[in-house]
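What follows is one structure encoded as structure tokens, with my remarks underneath.
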Amino acid sequence: MRDYPNMSYCMVENTSLAMEQIIDAMSQEGSGEFYAKLSRSEKKAFARLLDFVETFREEAEQVLNEGYDD
């Protein structure tokens, strides 16, 4: 098993806060300016994050369609 940065009981909360931070930075600087300031490794992570977001959306829609809710 990989080392994950969040405990399972708070991973969604922490990740949503991290995504909010990224979106705020993109909004404040403008998306192009934000991307241009990223280091090479951050640009690679940005591309991976986009892939993760797409996968998350697909998986989340499946979960919601199956009727899981609180």
Cα extents of the chain along the principal axes, largest first, in whole Å, come to 40, 27, 18
Could you give the accessible area per residue of the chain, probe 1.4 Å, as a whole number in Å²? 94
Counting only backbone N atoms under 18 Å from a point 7 Å out along Cα-to-Cβ of Val63, the residues of region 15-41 in range are 15-20
How far is helix 40-65 tilted, in degrees, relative to the longest principal axis of the Cα atoms in the chain, given as a value from 0 to 90 rounded to the nearest 10? 30
Report in % the part of the accessible area of the chain that belongs to carbon and sulfur, leaving out ligands and nucleic acids; probe 1.4 Å. 54
Using only Cα atoms, find the angle between the long axis of helix 11-29 and the longest principal axis of the chain, and express it within 0 to 90 degrees, rounded to the nearest 10. 30
Take Asp3 and Tyr35, extend 7 Å from each Cα along the Cα→Cβ direction, and tell me the distance between the two endpoints in nm. 3.2
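The values are calculated or read from the model by the stated rules, or taken from the named source; none is laboratory data. Values in this document were obtained by computation on a predicted structure and should not be read as measured data. Neighbour counts are summed over all protein chains in view; Cβ atoms, including those assigned to glycine, are modelled from backbone coordinates with ideal geometry. The protein model used for the area step is the full one, side chains on, heavy atoms only, and it has no ligands, DNA or RNA in it. Shrake-Rupley method; radii C 1.70, N 1.55, O 1.52, S 1.80 Å.
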